[in-house]
Amino acid sequence: MNVSFSNGEVSRTSGSFAVPNDDGFYINPQMGFRLSQSDWDGYFLSQKSLSMSFEYSYGLDGPSYYTLSINGQLEQPLFPELLGGLKGWLRSALHYSPGVPPLFESGASSVNIDILPSSFSAKNYIGGSAGLEKSLFVFSMGTLSVLASYQAVFSDGPLLGESIDHGIAGGVRMYLSKIAMPALGVGISYNVAASYFQANFSLGMSF
């Protein structure tokens with residue numbers, strides 16, 4: 001069980017979805033579990049995992065709320081005898097926080113989705129993705145790979161209401177020798193429903 005403290009502040013902006021001035025201080029006890037099995041074939045990390053967490057945010061000067069998160073993923077090598085260094089994955093996740101104030105809403109990264117803008121926020125999400133990753137070059141320093149995925153997500157929030165988005169994402173990753181997690185990643189995604197392109201960059205492990 002973990003206990004954390006959080007504080008946030010937001011001011012009115014001139015954007016389309018401006019919000020009133022607000023702030024808050026919360027105590028956040030959290031409990032959860034994770035079941036996982038993993039292996040590394042010298043190219044990629046393979047894993048089967050299921051995790052669930054429950055967090056109650058007690059507001060010292062604002063409304064209290066809870067958050068339920070469930071994540072599952074399956075990542076496995078494909079055709080290792082024919083195409084060494086090819087991995088496929090399936091991922092799905094749920095983020096449910098019906099009473100959260102707008103200040104503390106979460107982004108789509110809470111369900112492993114990156115086709116939505118980084119500034120996007122909502123109370124509830126359910127999303128999933130399917131993808132492939134293939135090693136291109138293996139050298140003394142590490143491995144360079146290319147990846148592509150299809151993603152879909154349902155979100156619900158007070159500003160944009162209910163929304164269904166889907167799209168494609170791709171990019172390249174650099175792994176250091178003998179380290180299963182990516183050290184560097186560059187990618188681009190396209191949200192078909194919103195006709196929206198977005199570039200992203202990651203340094204270190206990113207999910």
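Taking first residues from the range 137-160 that are touching a residue at least 24 places away in the same chain (Cβ under 8 Å) and partners that are among the aromatic types (F, W, Y) and in a loop (DSSP other than H, G, I, E, B), the Cβ contacts under 7 Å between residues at least 6 apart in sequence or on separate chains come to T143/Y43; L159/F17.
Only strands (runs of 3 or more DSSP E) wholly contained in the range 1-109 count here; list those with 3 or more residues that are at pLDDT below 85 and surrounded by 14 or more Cβ atoms within 10 Å (Cβ to Cβ).
Numbers: elements: 2-10, 22-40, 45-59, 65-77, 86-96.
Fully inside the range 1-109 and qualifying: 22-40.
Matching residues to (1) under 20 Å from K87 (Cα atoms); (2) at pLDDT 90 or above:
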residue	(1), (2)
N112	yes, yes
L116	no, yes
S140	no, no
T143	yes, no
S155	no, yes
S177	yes, no
I188	yes, yes
N200	no, no
L203	no, no
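Checking each residue in the range 117-143 for being of a type in the set (S, T, N, Q) and either surrounded by fewer than 18 Cβ atoms within 10 Å (Cβ to Cβ) or out of contact with any Gly (no Cβ under 8 Å at 6 or more places or on another chain) (or both) picks out S118, S119, S129, S140.
Of everything in the range 135-148, what is in a strand (DSSP E or B) and either more than 21 Å from the chain's Cα centre (by Cα) or closer than 14 Å to P182 by Cβ (or both)? Give them in sequence order. Spell out how you get there, then give the answer.
The first filter runs over the range 135-148 and keeps only residues in a strand (DSSP E or B), leaving 135-139, 142-148.
Matches in the range 135-148: S135, L136, F137, V138, F139, G142, T143, L144, S145, V146, L147.
Tell me, yes or no, whether the range 130-153 has at least one residue that is touching a Phe, Trp or Tyr at 6+ places or on another chain (Cβ under 9 Å), under 30 Å from Y65 (Cβ atoms) and not hydrophobic (A, V, I, L, M, F, W, C). Taking every residue of the range 130-153 in turn, none turns out to be touching a Phe, Trp or Tyr at 6+ places or on another chain (Cβ under 9 Å), under 30 Å from Y65 (Cβ atoms) and not hydrophobic (A, V, I, L, M, F, W, C).
The values are calculated or read from the model by the stated rules, or taken from the named source; none is laboratory data. These numbers were taken from a predicted model, which means no experiment stands behind them. Cβ coordinates were reconstructed from backbone atoms using ideal geometry, including for glycine residues, and neighbour counts include every protein chain displayed.
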